[in-house]
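Reading through the structure tokens given below for one structure.
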Amino acid sequence: MAQLAQTPSSPISRVISRPRLLLGFGVLAGPMYVTVALAQAFTREGFDLLRHPWSFLANGDLGWIQTLNFVLTALATIAAAAGMRRALAPGRGARWAPVLIGAFGAGMIGAALFPADPAMGFPAGTPEGPGAITLSGTLHMAVGGVGFLCAVAACYVLASRFARDGRKGWAWYSRVTGTLFLGSFTGIASGGGIAWSNLAFVAGIVALWSWMSLVSLDLSRSA
């Protein structure tokens with residue numbers, strides 16, 4: 001058994017090294033994140049999908065669930081980025097798409113380390129209104145914003161790659177996803193607590209993670 005583990009050319013080591021395995025984490029990252037977040041959104045006392053962004057779930061006694069959700073999703077995203085680096089090479093976007101996806105994952109780790117400030121009545125017992133702005137809340141918005149912009153840029157980089165490869169459907173899908181998510185992020189950043197902007201951001205998050213899963217699945221098939 002020890003000899004098998006030490007042999008670089010063993011079947012186990014060859015399977016583990018395949019980009020397909022790493023891209024599999026990209027397929028699962030989005031569904032995991034959205035499922036865990038929505039389960040909390042519908043069960044946590046005082047949480048309102050119309051008013052509260054999912055980042056607020058990292059506060060309160062059960063905040064560790066969303067924090068863990070951030071971390072595990074981030075690690076899965078970074079693993080997918082490593083798989084993309086191999087699956088896309090050589091060619092346009094082979095360097096920058098994985099870097100941007102990896103930065104998106106790193107941004108989620110930063111968002112886990114620096115929770116959003118409690119506000120607008122959540123967690124239960126928090127006064128209504130925007131609440132106090134702390135260093136943690138400021139850093140949460142900063143690292144999260146950078147990560148989101150990297151994800152948008154990755155959509156456009158891969159759109160260019162798909163267009164170059166003659167895959168017009170994937171190119172348009174990537175551009176539309178990046179544009180929709182950028183618009184929803186801009187809306188939530190400028191109008192926090194407004195129902196339409198919050199719901200638009202939820203839709204943008206679901207769209208982005210769906211794109212991530214489908215792109216990872218597509219690349220894993222050709223890896």
ask   = Taking the Cα centre of each part, how many Å lie between region 178-223 and region 133-161?
value = 12 Å
query = If contacts are Cα pairs under 8 angstrom and at least 6 residues apart, what is the relative contact order of region 25-142 in percent?
reply = 27 percent
ask   = Which residue, LEU22, LEU68, LEU100, tops the fluctuation ranking in a GNM of the chain built on C-alpha contacts under 10 Å?
value = LEU68
note = GNM of the chain, Cα pairs under 10 angstrom: of TYR33, TYR173, TYR156, the biggest fluctuation goes to TYR173
query = So if we plug the beta-carbon distance of ARG164 and ASP61 into 1/(1 + (r/R0)^6) with R0 = 41 Å, what FRET efficiency do we get, rounded to 0.05?
reply = 0.25
query = Among residues other than LEU100 whose Cβ falls under 14 Å from its Cβ, what is the net charge (Lys/Arg +1, Asp/Glu -1)?
reply = +4
request  = Please say if region 58-204 is rounded, prolate or oblate, where rounded means a/c under 1.5 for a ≥ b ≥ c the square roots of the C-alpha gyration tensor eigenvalues, and otherwise the choice is prolate for a/b larger than b/c and oblate otherwise?
outcome  = prolate
message = Over region 23-145, what portion of Cα pair distances is larger than 21 Å, expressed as a whole percent?
response = 43 percent
query = For region 93-223, with every protein chain kept in place, what is the accessible area per residue (1.4 Å probe, Å²)?
reply = 46 Å²
remark   = Judged on accessible area alone, 1.4 Å probe, highest first, PHE25, PHE114, PHE122 line up as PHE25, PHE114, PHE122
query = What number, rounded to the nearest 500 deg cm²/dmol, is the helix-based mean residue ellipticity at 222 nm of the chain, given -39500 (n - 2.57) per DSSP H run of at least four residues and division by all its residues?
reply = -25000 deg cm²/dmol
note = Taking Rh as the Kirkwood radius computed over alpha-carbon pairs of region 129-223 and applying Stokes-Einstein at 37 °C with viscosity 0.692 mPa s, one gets a diffusion coefficient in µm² s⁻¹ of 226 µm²/s
inquiry  = Contact order normalised by length for the chain, with contacts defined as Cα pairs under 8 Å and 6 or more residues apart; what percent is it?
reply    = 26 percent
query = Around ALA124, with a cut-off of 15 angstrom between Cβ atoms, what is the net charge of the other residues, counting Lys and Arg +1 and Asp and Glu -1?
reply = -2
request  = May I ask you to derive the FRET efficiency for LEU217 and THR134 from their Cβ-Cβ distance with R0 = 35 Å, giving the value to the nearest 0.05?
outcome  = 0.35
task = Compare GLY137, GLY145, GLY125 in a GNM of the chain, Cα atoms joined below 10 Å, and give the one with the largest fluctuation.
result = GLY125
message = In whole percent, and with a 1.4 Å probe on the protein chains, what portion of the accessible area of region 110-223 is carbon and sulfur?
response = 73 percent
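The values are calculated or read from the model by the stated rules, or taken from the named source; none is laboratory data. No experiment lies behind these values; they were computed from the predicted model shown. Reconstructed Cβ throughout: ideal geometry from the backbone, glycine too, with neighbour counts over all protein chains shown. Heads up: the accessible areas ignore ligands, DNA and RNA and are worked out on the full protein's heavy atoms, side chains in. Shrake-Rupley method; radii C 1.70, N 1.55, O 1.52, S 1.80 Å.
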